[in-house]
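Presented below is the structure to which this report refers.
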Amino acid sequence: MDTPSPPPPSPSVGAGRYAPSPSGDLHLGNLRTAILAWALARRTGRTFHLRIEDLDRVREGSEERQLADLAALGLDWDGEVVRQSDRGAAHDAAIERLVGRGLVFECYCTRREIQEAPSAPHAPPGAYPGTCRDLTSSQRATGRARMRELQREPALRLRADVSEWAVEDLWAGTVTGAVDDLVLRRGDGVVAYNLAVVVDDAAAGVDQVTRADDLLSSAPRQAHLAHLLGLPEPGYAHVPLAVNTAGARLAKRDGAVTLRDRLERGEPVAAVVARIGDSLGLPGCRTAADVLERWEPSTLSPQAWVVQPWIVQPSG
């Protein structure tokens, strides 16, 4: 029996998104996550947005190539592409709201000092130990003078009022994770990812965050930050990573792992989508629309996708 087509998108029921960083071409795991984010949004009647997270590590031409690759797979999106670098006023306003509630403090520590400082009991290695949380006015003045010598600004950190928070993930279920005094703005003046992603998702009406599961541990602190800002807490859907045969995260060093690599070797787009479809137990997919029509989210394996080396079969 044919699988019924998903309902048309309706802005009234929220949105999904895909938000790549323009630091290079999207590899196979990135493309798989993009297809799943798009398919999950479309089949649940949501709109789907693209956001370029360009606050760090921008490589010239990457954004254009990424958008072209996503379109080649058959993905479409609603509205204009949003660039995180254009959202500075909204990020600043969110920080000011937290400042007004006494939930922000300056931090004068260097990265090395944080790494070398003794952590609180049960905290992971390198966790912020709260060094600058409750300084006196004199100590803060000393810290600011030191930052001037280092030619940087103090970082701004959230004064967390809880130690953990729970979120709901489509596949992982209820996930309770640590909440710490996370950075809101770095010492170089750049807003931190955790703040930007919360503000930007809420502005776009995103209530379904689909992304790779290496970010699952960040979801509780992001959801709590949304709570503090009076923003809706989204639902999450974390997708298993793609890894190489050694179990390491898939990367450019693993060979021809991007769409453009495969096209240069004579492999059509349809074959790349077919490989992604095979990883989902959906043989014969040729475009993202095939995945949308046939994929059942409940069947997604929780295991990382091990990407085998690709060999282009000779034609004829």
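Brief remarks on what is shown
- For the chain, the longest principal axis of the alpha carbon atoms and the long axis of helix 219-228 meet at an angle near 60°.
- Size of electric dipole in the chain: Cβ of Lys, Arg +1 and of Asp, Glu -1, about Cα centre, debye, nearest 20: 620
- Modelled this way, with points 7 Å down the Cα-to-C-beta line, the labels at residue 301 and residue 249 are 2.1 nm from one another.
- In order along the stretch 229-236, the phi-based Karplus estimate (6.51 cos²θ - 1.76 cosθ + 1.60, θ = phi - 60°) of 3J(HN,Hα) comes to 8, x, 9, x, 8, x, x, 10 Hz; Gly and Pro are listed as x.
- Think of the stretch 222-313 as a dipole: +1 on every Lys or Arg Cβ, -1 on every Asp or Glu Cβ, centred on the Cα centre; then among 234, 223, 308, 308 lies furthest on the positive end.
- Cα extents of the stretch 224-316 along the three principal axes, largest first (Å): 60, 32, 22
- Distance between the stretch 234-300 and the stretch 165-189 - C-alpha centres, whole angstrom: 27
- Rg and Dmax over the alpha-carbon atoms of the chain stand at 21.4, 78 Å.
- Compared with the dominant principal axis of the Cα atoms in the chain, helix 193-203 is inclined by about 70°.
- Dimensions of the stretch 152-268 based on its C-alpha atoms, expressed as ranges along the principal axes with the largest first, amount to 54, 41, 30 Å.
- The long axis of helix 62-73 is offset from the longest Cα principal axis of the chain by roughly 40 degrees.
- Considering only alpha-carbon pairs that sit under 8 angstrom and 6 or more positions apart, the relative contact order computed for the chain is 19 percent.
- When the Cα atoms of the stretch 7-121 are aligned to their principal axes, the ranges along those axes come out at 50, 33, 32 Å in descending order.
- Multiplying each eigenvalue of the alpha-carbon gyration tensor of the stretch 200-270 by 5 and taking the square root yields semi-axes of 34, 16, 9 Å, largest first, rounded to whole angstroms.
- In range of the label at residue 270: residues from the stretch 67-109 whose backbone nitrogen is under 17 Å from the point 7 Å along Cα→Cβ: 72-75
Taken together, the values in this text are just the output of simple stated rules run on the coordinates, not laboratory data. Given the structure is predicted, the values throughout are model-derived calculations rather than measurements. Here Cβ is always computed from backbone atoms with ideal geometry, including for glycine, and neighbour counts include all displayed protein chains.
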